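Have a look at the structure that comes next, please.
The values are calculated or read from the model by the stated rules, or taken from the named source; none is laboratory data. Worth saying up front: this structure is predicted, and the values here are computed from it rather than measured. Reconstructed Cβ throughout: ideal geometry from the backbone, glycine too, with neighbour counts over all protein chains shown. What goes into the accessible areas is simple: the full protein's heavy atoms, side chains included, and nothing from ligands, DNA or RNA. Shrake-Rupley method; radii C 1.70, N 1.55, O 1.52, S 1.80 Å.
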Amino acid sequence: VAHVKGDYVPVDLAEAEHYLDRAIEGGHVAAKYELALNLLPMSDQLDKISKAMKLFHQASAAGHPEAIYQLGVVLEEDGNMAEAAKEYSLAAERGSLDAMFRMGQLCEQQGEHPTLGRTKDRDGAWIEMTFDSAFLWYKRAVA
């Protein structure tokens with residue numbers, strides 16, 4: 001990660017990818033998330049995007065809340081709001097503050113312009129998309 005951020009060493013994404021790949025080989029779930037996060041901006045390289053999505057899915061399956069949140073972001077960018085809400089809800093339940101805040105925003109938007117109304121989470125439970133729900137998500141995010 002130091003090679004990504006330039007902490008004490010020059011920024012070198014190829015070197016960062018090398019070390020994160022080694023951590024992934026050792027079973028480090030957070031390394032999957034970190035590498036995916038850094039590969040995703042390389043939108044001109046299809047193989048990098050494909051690898052990033054695979055890593056997000058793997059980290060998500062292992063329960064990494066921020067990886068679950070990022071899957072929601074990708075789904076939302078693709079226009080799949082119902083699926084994005086499922087991912088955001090799960091990430092929020094696992095402790096992602098970003099996901100809690102985004103769920104609040106989505107519920108607030110749905111309260112103003114209902115298109116989802118409510119949707120089901122990954123476990124099949126209903127997610128209410130209302131102003132009241134928005135308030136509860138915002139409250140959880142700042143607690």
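Being assigned to a helix (DSSP H, G or I) and under 19 Å from Asp21 (Cβ atoms) is the requirement here; does Lys86 meet it?
Criteria not met by Lys86.
Within region 29-68, take every residue that is outside any helix (DSSP H, G or I) and at pLDDT below 80 and give me the one that is surrounded by the most Cβ atoms within 10 Å (Cβ to Cβ).
In this case the residue turns out to be Leu40.
Which ones in region 77-92 are surrounded by fewer than 20 Cβ atoms within 10 Å (Cβ to Cβ) and either touching a residue at least 12 places away in the same chain (Cβ under 8 Å) or basic (Lys, Arg) (or both)? Steps first, please.
First, the residues of region 77-92 that are surrounded by fewer than 20 Cβ atoms within 10 Å (Cβ to Cβ): 77-83.
Met81, Ala82, listed by residue number.
Restricting attention to region 98-112, does a residue exist that is part of a helix (DSSP H, G or I), of a type in the set (S, T, N, Q), over 12 Å from the mean Cα position of the chain (by Cα) and buried (at least 20 other Cβ atoms within 10 Å of the Cβ)?
Taking region 98-112 as the starting set, the residues that turn out to be part of a helix (DSSP H, G or I) are 98-112.
Retained after the next criterion (residues that are of a type in the set (S, T, N, Q)): 105, 109-110.
Within this subset, residues satisfying the condition of being over 12 Å from the mean Cα position of the chain (by Cα) are 105, 109-110.
Restricting the remaining residues to those that are buried (at least 20 other Cβ atoms within 10 Å of the Cβ) gives 110.
There is at least one residue in region 98-112 that is part of a helix (DSSP H, G or I), of a type in the set (S, T, N, Q), over 12 Å from the mean Cα position of the chain (by Cα) and buried (at least 20 other Cβ atoms within 10 Å of the Cβ).
Evaluate the following for Pro10: is it modelled with pLDDT under 85, loosely packed, with under 14 Cβ neighbours inside 10 Å and under 30 Å from Trp137 (Cα atoms)? Let's see the steps before the verdict.
Values: modelled with pLDDT under 85: yes; loosely packed, with under 14 Cβ neighbours inside 10 Å: yes; under 30 Å from Trp137 (Cα atoms): no.
Taking the combined requirement at face value, the residue does not satisfy it.
Here is a follow-up. Does Trp137 satisfy the condition of being over 16 Å from Ser60 (Cα atoms), touching a residue at least 40 places away in the same chain (Cβ under 8 Å) and open to solvent by 20 Å² or more (accessible area, probe 1.4 Å)?
When the stated conditions are applied, Trp137 passes them.
Quick check on region 14-28: of everything there that is surrounded by 14 or more Cβ atoms within 10 Å (Cβ to Cβ) and more than 22 Å from Leu71 (Cβ to Cβ), which residue is modelled with the lowest pLDDT?
Among residues in region 14-28 that are surrounded by 14 or more Cβ atoms within 10 Å (Cβ to Cβ) and more than 22 Å from Leu71 (Cβ to Cβ), the one modelled with the lowest pLDDT is Tyr19.
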